[in-house]
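To start, the structure under review is shown below, and the notes come after it.
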Amino acid sequence: MVKVIIVGGGASGLMAGLAARSNGAEVTILERMPRVGKKILATGNGRCNFSNVNLSIENYHGKNPRFAQGALNSFNVQQTIDYFEYLGIAHKVEERGKVYPMSDQAASVLDVLRYELEKLGVVETTGAEVVGIEKKNNCFFVHTSDNKHYQADRVIIAAGGKSYPNLGSNGSGFDLAKKLGHRIVEPFQALVQVKLAEEFYKQIKGIKFIGTVEVLSGNNVKDKATGEILFTEYGISGPPVLDVSRVVNQLIHQGKEVWLKLLLLKDMTEGQLDELLIYRFQTQPQKSLIFNFVGLLNKQLTPVILKEAGIKDIKKPAGNVTTDERKKIVSILHNWCLKVTETRGWKSAQVTAGGVEVKDINPKTMESKLNPGLYFAGEVMDIDGDCGGFNLQWAWSSGYTAGENAAKY
Ligand SMILES: Cc1cc2nc3c(=O)[nH]c(=O)nc-3n(C[C@H](O)[C@H](O)[C@H](O)COP(=O)(O)OP(=O)(O)OC[C@H]3O[C@@H](n4cnc5c(N)ncnc54)[C@H](O)[C@@H]3O)c2cc1C
């Protein structure tokens, strides 16, 4: 029987364990935390957005995102949904193709995975931090920080990236891979909130709106996304901001100045917006300027917008607003440019971009091209997905593929 050791009991490691065991291997999962699957519990705001029915390879990033196609085909979205249905997870599809368990509880996903692992006889060893992997004569020796040593025919590194270290993934998977000769694409934060230079965010924190965010650098639009945007006390968040944060970070690392442009009323052109304001100011000229925006904009946001437009007396009658002032208001509503300082850090980044260079991995099997018998699964590789279930799908697909192939004699 092939002996497989899996480093890391996250989404990809647990799936790899199930696939390897179902294909006849003897499997041990070594997990550094006191429990496996801690990150799964935090996903989808505790509801676990575990896949996406609209998946395409365009949802994936890295130096060579096409690498992901192999595993995403061999254990695809439908197979994933069917497999979870078999495990007991009735599923539902929500907006933009996001798949959730019917129970709305991430814990149920972890519960059924652990039940199946136990049923099949996969050994879970927790509190076991892998600090070294050596290969001698086709055999792997795996060492943990508590001075224990394990022997295996195959090893799967499924140790995740660097994000949310309190949930277990602290970047140690990169060091293990490096010591085995693998190149690492410099990791950086993705799906993370963005900090902005201005000070007024505390005033408008908590305000949400459906809008578009564009990433600008040197007057070029580098990325954009639409959806629910949220102002916070440090800057800005919400799914579209998380989605563009990858590009924001890339630009920051290139030493470029980065701006976020917000379209607060995304369904109107600048001309339509101007016409609307002319109409509102002309039909209600006696209303104060600030009150004129009631029903059009969030009440807390209006004074900030008017201040940004350089209007000193925001209570003056709307009829007294000059054309120049109106144009400036329109410009802020349509092209509000905010300077980025940085992103919020590893503790808040949902995903790690960068990781083990995929050129050195076989895309069909997830086996290392440098060390036969060594496999990779999940976020530890230089593949990251958009917000919306794509990262967990990558963990399931690459985990399943690695486990299935590692079990082959
Ligand atoms: C707050 C949050 C919400 C998210 N929501 C979603 C969502 O709704 N949908 C989605 O698709 N994605 C979501 N993601 C991303 C998704 O959770 C990850 O991409 C996915 O869990 C990665 O799985 P993984 O197995 O590769 O790594 P991880 O889940 O990070 O697991 C790695 C495991 O390896 C262990 N480990 C690390 N080093 C060692 C070592 N040296 N020895 C032993 N064990 C080790 C860690 O403790 C950890 O348990 C979210 C992420 C976060 C942080």
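The values are calculated or read from the model by the stated rules, or taken from the named source; none is laboratory data. Bear in mind that the values here come from a model prediction, so they are computed numbers and not experimental data. Here the Cβ is made from the backbone with ideal geometry for all residues, glycine too, and neighbour counts use every protein chain on show. What goes into the accessible areas is simple: the full protein's heavy atoms, side chains included, and nothing from ligands, DNA or RNA. Shrake-Rupley method; radii C 1.70, N 1.55, O 1.52, S 1.80 Å.
Residues E228, E233, E199: which one is free of Cβ contacts under 8 Å to residues at least 24 places away in the same chain and not in a strand (DSSP E or B)?
On the way: E228 fails: not in a strand (DSSP E or B); E233 fails: free of Cβ contacts under 8 Å to residues at least 24 places away in the same chain.
On inspection, the qualifying residue turns out to be E199.
Any chance you could count how many residues in the range 159-215 are under 25 Å from R35 (Cβ atoms), open to solvent by 50 Å² or more (accessible area, probe 1.4 Å) and either of a type in the set (K, R) or over 18 Å from the mean Cα position of the chain (by Cα) (or both)?
Adding up the residues that qualify gives 2.
Give G345, G319, G354, G271 a once-over and let me know the one that is open to solvent by less than 70 Å² (accessible area, probe 1.4 Å) and assigned to a loop (DSSP other than H, G, I, E, B). Quick ask: steps written out before the conclusion?
Numbers: G319 fails: assigned to a loop (DSSP other than H, G, I, E, B); G354 fails: assigned to a loop (DSSP other than H, G, I, E, B); G271 fails: assigned to a loop (DSSP other than H, G, I, E, B).
Going through G345, G319, G354, G271 in turn, the sole match is G345.
If a residue must be assigned to a loop (DSSP other than H, G, I, E, B), near the ligand (Cβ under 6 Å from one of its atoms) and more than 20 Å from the chain's Cα centre (by Cα), how many such residues does the range 1-35 contain? I'd like the intermediate steps shown before the answer.
Looking only at the range 1-35, we keep the residues that are assigned to a loop (DSSP other than H, G, I, E, B), and these are 1-2, 8-10, 23-25, 32-35.
From the residues that got through so far, the ones that are near the ligand (Cβ under 6 Å from one of its atoms) too are 8-10, 32-33.
Filter once more, so that each one left must be more than 20 Å from the chain's Cα centre (by Cα): 32-33.
The number of residues fulfilling the criteria is 2.
Would a scan of the range 360-372 turn up a residue that is touching a residue at least 60 places away in the same chain (Cβ under 8 Å) and within 16 Å of the ligand (Cβ to nearest atom)?
Yes: the range 360-372 contains one or more residues that are touching a residue at least 60 places away in the same chain (Cβ under 8 Å) and within 16 Å of the ligand (Cβ to nearest atom).
Tell me which residues, restricted to the range 93-138, are of a type in the set (F, W, Y) and in a helix (DSSP H, G or I).
Within the range 93-138, the subset of a type in the set (F, W, Y) is 100, 115.
Selection gives Y115 alone.
Here is a list of conditions, (1) within 13 Å of the ligand (Cβ to nearest atom); (2) open to solvent by 30 Å² or more (accessible area, probe 1.4 Å), and L120 meets all of them except one; can you say which number that is?
(1)
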